[in-house]
1. Given the condition of a type outside the set (D, E, K, R), within 26 Å of the chain's Cα centre (by Cα) and either modelled with pLDDT under 85 or in a loop (DSSP other than H, G, I, E, B) (or both), answer yes or no: does some residue in the range 62-77 qualify?
Amino acid sequence: MPRIYRKVILEQETNIFYCENCLDKNNLPRFDWDDTIQLGNGNAGVWKEAPLEKCDVCFAVDLQAQEEMQDWSNDLDQQQWEEDQMPTDNNPQEYK
């Protein structure tokens, strides 16, 4: 399951998202024709985890994080529904 990361430059979050596989590929030093090390385009800035996004390169998503978010959202909906169904102390005549 790939993890998704967002690029942060000078404490500003960008709209650049890479999975860990694409980020590793871009962060590896590469050798050009003159045998000098050229840094990959992922080296500048900081990468912060963004589990609900998708990779800009290979379009991978973190399915586990998305499932956890969906479960959490469903639990909140169920809890809100249960609270709405219970009579309140201020208005006991409401559900007769």
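1. No - not one qualifying residue is present in the range 62-77.
This table checks each residue for (1) modelled with pLDDT of 65 or more; (2) surrounded by 11 or more Cβ atoms within 10 Å (Cβ to Cβ); (3) outside any loop (DSSP other than H, G, I, E, B).
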position	(1), (2), (3)
V8	yes, yes, yes
E13	yes, yes, yes
N26	yes, yes, yes
W33	no, no, no
G42	no, yes, no
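The values are calculated or read from the model by the stated rules, or taken from the named source; none is laboratory data. These numbers come from a predicted model, not from an experiment. Glycine gets a Cβ as well: all are built from the backbone with ideal geometry, and neighbour counts include every protein chain shown.
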